[in-house]
1. Can you tell me which residues in the range 76-95 are of a type outside the set (Lys, Arg) and either under 14 Å from residue 186 (Cα atoms) or not in a helix (DSSP H, G or I) (or both)?
2. Select, from 31, 95, the only residue that is within 20 Å of residue 179 (Cβ to Cβ), buried (at least 17 other Cβ atoms within 10 Å of the Cβ) and modelled with pLDDT of 90 or more.
3. Considering each of 253, 249, 302 in turn, give the residue that is modelled with pLDDT under 70 and in contact with an Asp or Glu (Cβ under 7 Å, 6 or more places away or on another chain).
4. Among the residues of the range 21-36, are any among the charged types (D, E, K, R) and within 21 Å of residue 202 (Cβ to Cβ)?
5. Take residue 73 and decide whether it is over 27 Å from residue 220 (Cα atoms), without any contact (Cβ under 8 Å) to a residue 40 or more places away in the chain and among the small types (Gly, Ala, Ser).
6. For the condition touching a helix residue (DSSP H, G or I) at 6+ places or on another chain (Cβ under 7 Å), open to solvent by 30 Å² or more (accessible area, probe 1.4 Å) and in a helix (DSSP H, G or I), what is the one hit in 207, 195, 180?
7. What number of residues within the range 107-116 satisfy the criterion of being under 12 Å from residue 149 (Cα atoms) and open to solvent by 20 Å² or more (accessible area, probe 1.4 Å)?
8. For the structure I just gave you, tell me whether residue 144 is under 20 Å from residue 251 (Cβ atoms), β-branched (Val, Ile, Thr), crowded, with 23+ Cβ neighbours inside 10 Å and touching a helix residue (DSSP H, G or I) at 6+ places or on another chain (Cβ under 8 Å).
Amino acid sequence: MTVLSLRATLSRRAARWSPTTRGLLWTSAAGLLFSMLNALMRSLTLHIDPFQSQFLRYAFGLLVLLPLVWHQGLAAYKPQNLVGQFTRGAAHTVGLCLWFTALPRIALADMTAIGFTTPIFIMIGAYIFFREPMRWERWLATGIGFGGVLIVVGPALSGSGGGYHLLMLLSAPVFAVSFLLTKALTRYEKTGVILLWQSISVALFSLPLALWHWQWLSAWQWIGFAVCGVLGSAGHYCLTRSFKAADISSTQSAKFLDLVWSALMGWLLFSDMPSQSTLLGGTVICAATLWVARRESPGKGSDRARAADEIQ
């Protein structure tokens, strides 16, 4: 089977999936890529100023996209709402400043688990600003998944380093604002346009902070940030595609799978064996994600039909 025929077969099968299923798959792929990115960024930030790491991550993300911009032309990436692009970039930069400050001082699994409070803020914001339907399955899946997060992160919060845990927690509502702005932009902006201008705006906003404590890098560190640029751009592409595919609230339960990915990255890269609480919480999280995907599959009725049932 050739690559083209395989792609055509996959496209035909994907066309039969519900919007929620496609959104969950895109979100899960983004979570895996971001977990790989976070593991690499944590290694780099242990030796480099967090704000310099933040700038280099998005600067290299921009470099990764430049060949595509050159191939398709600048006109294809002209935004319809430049103010909206930079507003989204400013919000994301604030969240990143909090996140990168806490990153080198918090375990990878704890960092990911704390970040799972973001879906709660996203769902509330999506309901308030976008009037997205909030069916009981989505609330229940998110609640169960968040319960799984508490199983994992609860013991860590009672120990030392609580200040950095709190700093990481404060980044969650800020990132929620950024993702809600992204959802709004997907209504009239292409995925590639959003991705490019995010890299431009965050790099520009982060540069002054990076220059304050700039230090020269080794060859391996330059290579590491180049890989971060690829992983970050790919992750945000998958995340933006998930926003286009389905309601933002319907895909947030899949975010809890990030804990599984981060635990796996910690084991592979740092030889950190997952604790019993991590395994238990991961099982709860996976169960919630699979359940909501099954509840909103085509066999259970389309999103439109289920929304109509709620109105009636």
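1. 77, 79, 80, 81, 82, 84, 85, listed by residue number.
2. None of the other options fit; the residue is 95.
3. 249
4. Checking the range 21-36: not a single residue is among the charged types (D, E, K, R) and within 21 Å of residue 202 (Cβ to Cβ).
5. Spelling it out, residue 73 is indeed over 27 Å from residue 220 (Cα atoms), without any contact (Cβ under 8 Å) to a residue 40 or more places away in the chain and among the small types (Gly, Ala, Ser).
6. On the way: 195 fails: open to solvent by 30 Å² or more (accessible area, probe 1.4 Å); 180 fails: open to solvent by 30 Å² or more (accessible area, probe 1.4 Å).
Just one listed residue meets the conditions, 207.
7. 3
8. no
The values are calculated or read from the model by the stated rules, or taken from the named source; none is laboratory data. Fair warning: this is a prediction, and the values are worked out from it, not measured in the lab. Glycine gets a Cβ as well: all are built from the backbone with ideal geometry, and neighbour counts include every protein chain shown. Remember, those area values only see protein heavy atoms, side chains included, never the ligands or the DNA or RNA. Shrake-Rupley method; radii C 1.70, N 1.55, O 1.52, S 1.80 Å.
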